[in-house]
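Below is one structure, written out as structure tokens; comments come after it.
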Amino acid sequence: MKRLTKKQMIIFAIGQLGWSTLSGIISAWLVTFYLPTSDDIAVGAQQFLVPGLVIGGFLTVLGLITALSRVFDAVTDPLIASLSDRSKNRRGRRIPFMQYAAIPLAIVTVVLFCAPVNDISGWNIAWVSIFIILFYFFMTMYCTPYNALISEFGKTQDDRMFISTAISLTYFVGTLLAYTPFVFAKLLRESVGFSWSYRICFIVLAVIAAVCMMLPTFLLKEKDFVDAAPSNANMFKSLAATFKNKDFLTFSGSDIMYWVGLTLFQTGLPFFVKVSMNIDESFTMYFLGGMTVLSAAFYPIVSKLVKKFGKKKLTIAGFFGLALAYVIAMLIGVLGTAENPGLLGIGKIPGVVFGVLICVIAAFPMALLGIIPQSIVADVAEADGVVTGENREGMYFAARTFAMKFGQSLAMLLFTSLAIIGSGEQDLTSNDITADTLGMTIVGAVAVAFCILGAIILMFYNEKKVMKTIAKEEATSSAEVATEQMELAAAVSATTAEETPAEESEEK
């Protein structure tokens, strides 16, 4: 089987730029678009859904729709993984799924924001419910096979690390692209209105994303690089076998803690800026962009550090580094800034300085945690394939995706409950989250706790056993290749020796 060149690995990584852009649109704008605050309504935002915390006094209509769609999503993750692992398609087990999902995913992302009634309506609830489910279905249909290819395309440790580095970078770029409506929607708003200013941005981004997602499906022929036999296990047996793997179970527990901590911070960043720092919300974009660029600058050295220290130690270091950044975010509300006295009222440092400090501290841990975990999953999946003889890479990455979604959902529930602590009575009929300095300080503390817990859990991951299994298989494969080459060379020599006398007699 061929190995991907560096250029082909970059082509593969472009696919992640596409789907991360669409995922970022949903993460960043679904709530903003469908649950506009009083400030948004003042500049022309339309209310499509019933506003406020109307479900049990703690959940919005959109929150309930999203929660139910995640239940559906939890079922489709292992289903698509199983179908992909068992596929006998002549073009490969992964690429066909990605190709069929890419364009529908881009279209559904845009259509989701095109509610049919320009007023609060039950039809809009039905519309959003249907298309958010379709969004997660096509996202799973693309991402689960895509992630499985990380292990299958990564023939060596160096290949897996390069692919993980490349897709981590394109993930950040895609997420950053999803935030560009912060700028461009405002420029379009006066001419096309609030709703269409966002829809136009989403259409442009969706076209870019669709092209990026389709690119690897046409330029990379899976069968040239992967010769894995389809798995024979059904979905339930495959899923059960995946979670029986102690090393993967340990990693998953740690990974959930990471996603909770990361999502708490990402969701809270605009509130840290507006409430704790008391500076303009536009700084959110600057801080996020600066952290992304600085984090990308560390990418080239991560692979070198992995060779020296191993993946487990560096991931644990990433957890503690991220926790330190969250400690700074927590202290903003305690010490105060020049713009906000905080809880103790002793702060004299401008809020922007705190923001820059957080970005600088978080950049390197974000590089470590953005690259290495994907590679760890690939390692565990490959080692399991060596031991069991079953190629279930799709199920492993589906399980990791489920851990990510579970962590993100838990973080969202925690954030809305914690951020309003200290703010007094919350208006249940309003979409405005009245975050308080005390609440944001608690959010920071909880994020620190989850990061530390993630590091502690990962300490029980048996990296040596996993890497030893892979190394043994690679050594066996190398020996087999060498034997085949020697046999081929001997056969060629024998054939040449037999043909030479006949040629000489003909000349005579």
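Every condition in (1) under 23 Å from E463 (Cβ atoms); (2) of a type in the set (D, E, K, R); (3) part of a helix (DSSP H, G or I) is met by K405 except one, and the failing one is (1).
Out of Q47, Q99, one residue alone is touching a Pro at 6+ places or on another chain (Cβ under 9 Å) and either without any contact (Cβ under 8 Å) to a residue 24 or more places away in the chain or open to solvent by 20 Å² or more (accessible area, probe 1.4 Å) (or both). It is Q47. Among residues that are open to solvent by 50 Å² or more (accessible area, probe 1.4 Å), in contact (Cβ under 8 Å) with a residue 40 or more places away in the chain and in a helix (DSSP H, G or I), V183 is included. The criterion of being closer than 19 Å to V108 by Cα and open to solvent by 10 Å² or more (accessible area, probe 1.4 Å) does not hold for L22. Considered as a group, the residues in region 255-285 that are in a helix (DSSP H, G or I), surrounded by fewer than 24 Cβ atoms within 10 Å (Cβ to Cβ) and not hydrophobic (A, V, I, L, M, F, W, C) include one that is modelled with the highest pLDDT, and that residue is T263.
Being within 26 Å of L169 (Cα to Cα), at pLDDT below 80 and either small (G, A, S) or assigned to a helix (DSSP H, G or I) (or both) holds for only one residue in M412, M366, M395, and it is M412.
Among the residues of this structure, D39 counts as one that is surrounded by fewer than 17 Cβ atoms within 10 Å (Cβ to Cβ), modelled with pLDDT under 90, among the charged types (D, E, K, R) and in a helix (DSSP H, G or I).
When F12 is tested against the conditions (1) at positive phi; (2) in contact with a Pro (Cβ under 6 Å, 6 or more places away or on another chain), the lone failure is (1).
The values are calculated or read from the model by the stated rules, or taken from the named source; none is laboratory data. Keep in mind that this is a model prediction, so the values were computed, not measured. Neighbour counts are summed over all protein chains in view; Cβ atoms, including those assigned to glycine, are modelled from backbone coordinates with ideal geometry. Surface areas here come from the heavy atoms of the whole protein model, side chains and all, with no ligands, DNA or RNA. Shrake-Rupley method; radii C 1.70, N 1.55, O 1.52, S 1.80 Å.
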